[in-house]
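Engineer: Submitted below is the structure of interest, expressed as structure tokens.
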Amino acid sequence: MTEVFGVPVPALLGQLMLGLVNGCFYAMLSLGLAIIFGMLNIINFAHGALYMMGAIFTWIALTQFGINYWWSLLLVPLVIAILGVVVERSMLRRLYKLDNLYGLLLTFGIALVTEGLFRHRYGVSGLPYSIPDAFAGAFNLGFMFLPKYRAWVIGASLLTCFATWFVIERTQMGAYLRAATENPKLVQAFGINVPVMITLTYAIGVGLAGLAGVLAAPATQISPLMGTNLIIVVFAVVVIGGMGSILGSIVTGLGLGLIEGLTKVFYSQAANTVVFLIMALVLLVRPTGLFGKER
Amino acid sequence: MRIVSPRFIGYASLLAIGLIAPFVVYPIFLMHALCFALFACAFNLLLGYTGLLSFGHAAFFGAAAYATGYAVKMMGLGPAAGIFVGTMAAVVLGSVFGMLVIRRQGIYFAMITLALAQLVYFFFLQSSFTGGEDGIQGIPRGRLLWFISLEDDRKLYYVVLAIFLFGFVVIHRTIHSPFGQVLKAIRENEPRALSLGYDVNKYKLQAFVISAALAGLAGATYAIVFTFVTLTSADWHTSGDVVLMTLLGGMGTVFGPIVGAFAVVTLQSQLSDKVGSLVTVIMGAMFILCVLLFRNGIVGETIGLYRRVVGRRPD
């Protein structure tokens, strides 16, 4: 069997694939964070909690209401987005004139409340969700087996990321959004309803987190703690990439997922921490982040 | 003749309460609250007076607790030397983190401190000297100066009170010094402070290290009081707790973090047997309420109310 540095190639590729799956979640979450930050100037600490809710709602939908994976894929992000509208309208809206630290503190509170409630109801052990029938099994690529579900997660999230990029950078709506990010007052003066745009931006951002949660449901352990553990890594990803560019967030997310996968193969003790170490290194060399501009 | 100021009466009565308290309230509870009060005061030096939100202060608290636990249990140091070692560990960690984190401002500062603290958490989880999930158990409290046995809770209480007062005085002096004035200037308007010729990053780094050192002092004392250290002390929940204490009590006030720490520790110890895991929900709800309804915290709002009432009185 072929080996690279003493590691069999299929094992290496398997870990890389797993890393890429994680990278997809990083990309989707950091993309949502970046869009929300651009428009609301708030770092949404509740992002991880909403991702967790996405996964748990998918599980509840199947076990309580018999709603299958495909309907969840459509409905759950919608439900999360509606929750986002409620949160933005009822709470975040009051903070726009204040220091953006308050937004972080408020959303941290929301994250604690949601995590606590779900933890109280469902405990900390993982909830099982089986892979939908269409994606059972694996492709034989000759040099490795690629589980179909992983291929689907990678394909679906790349498509979502690309669609988000396309909407923001290449459509009329996206042009309004970019303009409103630069100068909300002026855009408002042109007769565009900026408050509604802000609400929609938050809804779409958290909807992306919800979608990532649905995709994660069959691929990882569904647990009330899954969100916060992930969001801290995503924060590091955001610091590394900088929040200036959409493609930047996507590339950084995927790249760091791959690096994490590689670390798991060659030095597994550091797999949990490699992203944080890279963050420290980037801060030394390029404090504004790889794709960032100071704002 | 100089009339005694109300502020002086305030400090004196608080000190008196501190001295009598262990005869009325369970000393372990008081020591727990005092450790967190010191921790919150140290945190407030950064958030309230320099405008920097650190979301990873548990790293310093936890690192000092582990260093003290290891020094006292494995190396056989006395409690005073152990606490010193712990505090120094926090100083070293604070200097390294400080140099990294002052390179970014605002919201990034919070995210970076959180991520670095998580790095420390995983380091403690995987290292052998920390005992992994079990932590370090059975740290001897020992004797202070060969004749004060700290096994007695009440004696230990007075030592902890002295440590707290020392930390409090350090912070008080820092805030009310020219150095503290520069920190406030940075909080209010960083570009302006920079244009006036202050080396803003140097000031921020110094404030960060002082804050980390005192957070470490609190953590080191905590290890001696409870005779064990676990991963909880370096957990992000602990970082969140200290943010809440400061926010609830009133950030940027001298007594706010103390009030907040006593309130949160009381709530946690009263509620944890009754509602179990719902404590997190209550903590989160308090965050939301504080941010939406009273951003100045208990002490800040009280001062505001007092000023409004006194200000309106025509005399």
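Engineer: Do we find that B:Val275 is over 18 Å from B:Thr232 (Cβ atoms) and modelled with pLDDT under 85 in this structure?
Structural biologist: yes
Engineer: Moving on to the next point. Test A:Ile222 against the stated conditions and say whether it is among the hydrophobic types (A, V, I, L, M, F, W, C) and touching a strand residue (DSSP E or B) at 6+ places or on another chain (Cβ under 7 Å).
Structural biologist: Criteria met by A:Ile222.
Engineer: Now for a different question. Which numbered condition trips up A:Cys24, out of (1) under 20 Å from A:Leu117 (Cβ atoms); (2) more than 14 Å from chain B (Cβ to nearest Cβ)?
Structural biologist: (1)
Engineer: Tell me which of these B:Ile107 doesn't satisfy, since it passes every other one: (1) at pLDDT below 90; (2) more than 9 Å from chain A (Cβ to nearest Cβ).
Structural biologist: Among (1) at pLDDT below 90; (2) more than 9 Å from chain A (Cβ to nearest Cβ), the lone unmet condition for B:Ile107 is (2).
Engineer: Please state which of the following conditions B:Leu289 fails to meet, knowing it meets all the rest: (1) loosely packed, with under 15 Cβ neighbours inside 10 Å; (2) within 23 Å of B:Leu165 (Cα to Cα).
Structural biologist: Of (1) loosely packed, with under 15 Cβ neighbours inside 10 Å; (2) within 23 Å of B:Leu165 (Cα to Cα), only one is false for B:Leu289: (2).
Engineer: Separate question: Which one of A:Phe291, A:Phe235 is within 27 Å of B:Ile102 (Cβ to Cβ) and more than 10 Å from chain B (Cβ to nearest Cβ)?
Structural biologist: A:Phe291
Engineer: Then there's this: Can you pull out every residue in the range B:62-80 that is in a loop (DSSP other than H, G, I, E, B) and in contact (Cβ under 8 Å) with a residue 60 or more places away in the chain?
Structural biologist: Hit for the range B:62-80 is B:Gly78, nothing else.
Engineer: Based on what the data block shows, is B:Phe124 farther than 30 Å from B:Arg187 by Cβ, modelled with pLDDT of 90 or more and surrounded by fewer than 19 Cβ atoms within 10 Å (Cβ to Cβ)?
Structural biologist: Against the criterion (farther than 30 Å from B:Arg187 by Cβ, modelled with pLDDT of 90 or more and surrounded by fewer than 19 Cβ atoms within 10 Å (Cβ to Cβ)), B:Phe124 does not qualify.
Engineer: For the range A:91-122, how many residues meet the condition of being more than 9 Å from chain B (Cβ to nearest Cβ) and under 30 Å from A:Tyr149 (Cβ atoms)?
Structural biologist: Of the residues in the range A:91-122, 3 are more than 9 Å from chain B (Cβ to nearest Cβ) and under 30 Å from A:Tyr149 (Cβ atoms).
Engineer: Which condition from (1) assigned by TED's automatic domain parsing to the domain that holds A:Leu211; (2) under 21 Å from B:Phe287 (Cβ atoms); (3) hydrophobic (A, V, I, L, M, F, W, C) is the one that A:Ile43 breaks?
Structural biologist: (1)
Engineer: Hey, A:Thr63 hits all of (1) in contact (Cβ under 8 Å) with a residue 12 or more places away in the chain; (2) of a type in the set (Ser, Thr, Tyr); (3) in a helix (DSSP H, G or I) but one; which does it fall short on?
Structural biologist: For A:Thr63, the failing item is (1).
Engineer: Considering the range B:259-294 alone, what residues qualify as being in contact (Cβ under 8 Å) with a residue 40 or more places away in the chain and either over 16 Å from B:Phe43 (Cβ atoms) or aliphatic (A, V, I, L, M) (or both)?
Structural biologist: Matches in the range B:259-294: B:Val259, B:Ala261, B:Val264, B:Val265, B:Thr266, B:Ser269, B:Thr280, B:Met283, B:Met286, B:Val291.
Engineer: If you don't mind, another one. State yes or no: is B:Gly138 in a loop (DSSP other than H, G, I, E, B), away from chain A (no Cβ under 14 Å) and at positive phi?
Structural biologist: So B:Gly138 passes the test.
Engineer: From B:Phe124, B:Phe129, which residue is aromatic (Phe, Trp, Tyr), closer than 17 Å to B:Gly62 by Cα, outside any helix (DSSP H, G or I) and in contact (Cβ under 8 Å) with a residue 40 or more places away in the chain?
Structural biologist: B:Phe129
Engineer: (1) within 14 Å of another protein chain (Cβ to nearest Cβ); (2) closer than 19 Å to A:Val4 by Cα: which one isn't true of A:Phe266, the others all being true?
Structural biologist: Answer for A:Phe266: the failing condition is (1).
Engineer: Can you work out which of the residues in the range A:27-63 that are aromatic (Phe, Trp, Tyr) and more than 14 Å from chain B (Cβ to nearest Cβ) is surrounded by the most Cβ atoms within 10 Å (Cβ to Cβ)?
Structural biologist: A:Tyr51
Engineer: Pick from B:Ile28, B:Ile112, B:Ile83: which is at negative phi and either within 14 Å of chain A (Cβ to nearest Cβ) or without any contact (Cβ under 8 Å) to a residue 60 or more places away in the chain (or both)?
Structural biologist: Of B:Ile28, B:Ile112, B:Ile83, the one residue that is at negative phi and either within 14 Å of chain A (Cβ to nearest Cβ) or without any contact (Cβ under 8 Å) to a residue 60 or more places away in the chain (or both) is B:Ile112.
Engineer: Which condition breaks for B:Val91 when tested against (1) aliphatic (A, V, I, L, M); (2) surrounded by 15 or more Cβ atoms within 10 Å (Cβ to Cβ); (3) modelled with pLDDT under 95?
Structural biologist: Result: B:Val91 passes all but (3).
The values are calculated or read from the model by the stated rules, or taken from the named source; none is laboratory data. Since we're looking at a predicted model, the values are computed, not measured. Please note: Cβ atoms are built from the backbone with ideal geometry, for glycine as well, and neighbour counts cover all protein chains shown.
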